[in-house]
Each structure stands twice: as C-alpha cells, then as structure tokens.
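FYI, it's all coordinate maths here, none of it is from the lab. All of these numbers come straight from a predicted model, not from anything done at the bench. For neighbour counting, all protein chains shown are included, and Cβ atoms are generated from backbone atoms with ideal geometry for every residue, glycine included.
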C-alpha cells in the first residue's frame, strides 16, 4: 500500500477491510479515490448508430439548417468542431451543454480554458475536478467550485490553490466533515471556523481532538460526548482516563469501567494525591 496516500483514504480503506465502514464511509472513500486520481469514472456512453449522417458529408457542404441540427447534440457538436479542425462559438456553446464535452472541447479543441467550457464542465462534480486539474488556479474557477458546495471548495483549496483562504474555508466548513478535513489537509492545524463546524458533529469533534488538536479540550470533549460511541473513544484514546463528561455520555458503563475506570478511580486518585 502506498504510505504517502491521503490519511483519510488509508483510514477508510482500513475500516472497509475490517468490515467497519458505513455506507457513508464507502461513498466518501469512492469520492476521495476520484479526487486523488486513483479512479476515473467511465465516459458517457454514446450509441454510435445514432450518430448523425450529416457529419459524413464534407464540412463545406453542410447547410446552415443541417449545421443547426448537428448542434442540437453536444457530442455531435464536439465531433463537428474536430472535423472542422478549429473552434467556433456555435460548436463551443453546443458542446458545453454536456460537462464531458465541455471539458473535452476545452482540452482538445480550444486547447485553453474559457468561461463557456468552464461553466459547462462545472455542472458535474467529476468534470469540475478534471477541468480544475487541467486549468489550475483561477479566481473564476474558485468561485464556481465554491458555489458547488463544501467538497469542491475543499478540493480547490487542497489540490488546486494548495493554500488555505477565507472563502474556501468558510464554504468547506458548511459541512462538519469537510471542516475537519480542511483543518487536517489544508490549514494543517486548528482554526476557529473549522473548529466550530466540526464540533457540531460528535464524530468529527472526536477526530478533530485526535488528529488536529492532538490533545483533549473541554469543547471537543463536550461535543464528542453527545454520542455514546465517541464519548467512550474520547475517554479511551484522547483523555486516556475517566472524565465525568465522557462517563455521562457513555451508555455501556461496564465496558467503560473495565477499559478506562469509573468514578471510583478518580476518587482513589484524589485520595492518594491527598
């Protein structure tokens, strides 16, 4: 296994291997594999029998009416541009109705980014990623990706801009998961915006304490302890001792007492200290 792989991917692969991954975990693993380029979705299928016979004619012999018919289909518009050997406004607009052909038009025909193909490609999350990787950092692209939500904003900050900024952080932090991942992978440390968002979800409050703060704090403990599972995990792996907040959050008191200790352990410690 590639040890340089994203730590979130490694964690999710481990959970999947041991049968502990949830449906949400598997969906997130698939998304991250696409983002990192380990997996590419198959192209849109096109029935070759339905290709218009008009393209078999010489480009010079196609009438305006026939050209208009070809431009009704994004795939055929892209093929027409390839046959003409140069870009044109009408084929670009028609091809950009499809995210796939908007991206391919930019790469193969224009050989440069533009607003029309960028907007067309960004209608689909996968082709947004492909276009972003190909174009690189661009303010217009950042705006489009931030408009699409927290995951594309996180991707832009991590993979394209390779720097944190207020705009991408704010958008990414509309999701507790993306806020946590932004803190880990972009800020590489704590920030009030990502912290506030992560603490809305017990799981990511626990993850934030474990991998961002790397120490216990009152706010992450309180947030994690709203869920019995993460109250126990927080006590076991972060506090590494009994705490009344995690004790109150844990349902399985017997397991907690055996693995960590109960309230009596705190009283015993206090007596020894006295």
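Some notes on this structure:
- Hydrodynamic analysis of region 62-135 uses the Kirkwood radius over alpha carbon pairs. Inserted into Stokes-Einstein at 4 °C and 1.567 mPa s, it gives a translational diffusion coefficient of 110 µm²/s.
- Gain in span if fully extended, residue 26 to residue 147, counting 0.36 nm per residue against the direct Cα distance: 41.1 nm
- Separation of alpha-carbon centers, region 62-117 and region 5-29, rounded to whole Å: 40 Å
- Shape of region 126-252, Cα gyration tensor, a/c cut at 1.5: prolate
- Packing-based order for 184-195, 232-243, 167-178, using average beta carbon neighbours within 10 Å, highest first: 167-178, 232-243, 184-195
- Taking packing as the residue-averaged number of other Cβ atoms within 10 angstrom, the listed peptides 138-146, 255-263, 153-161 run from highest to lowest as 153-161, 138-146, 255-263.
- Short-range pairs are left out: with C-alpha atoms under 8 Å and at least six residues apart, the relative contact order of region 62-135 is 24 percent.
- Rounded Å value of the spacing that divides the Cα centres of region 241-264 and region 136-161: 43 Å
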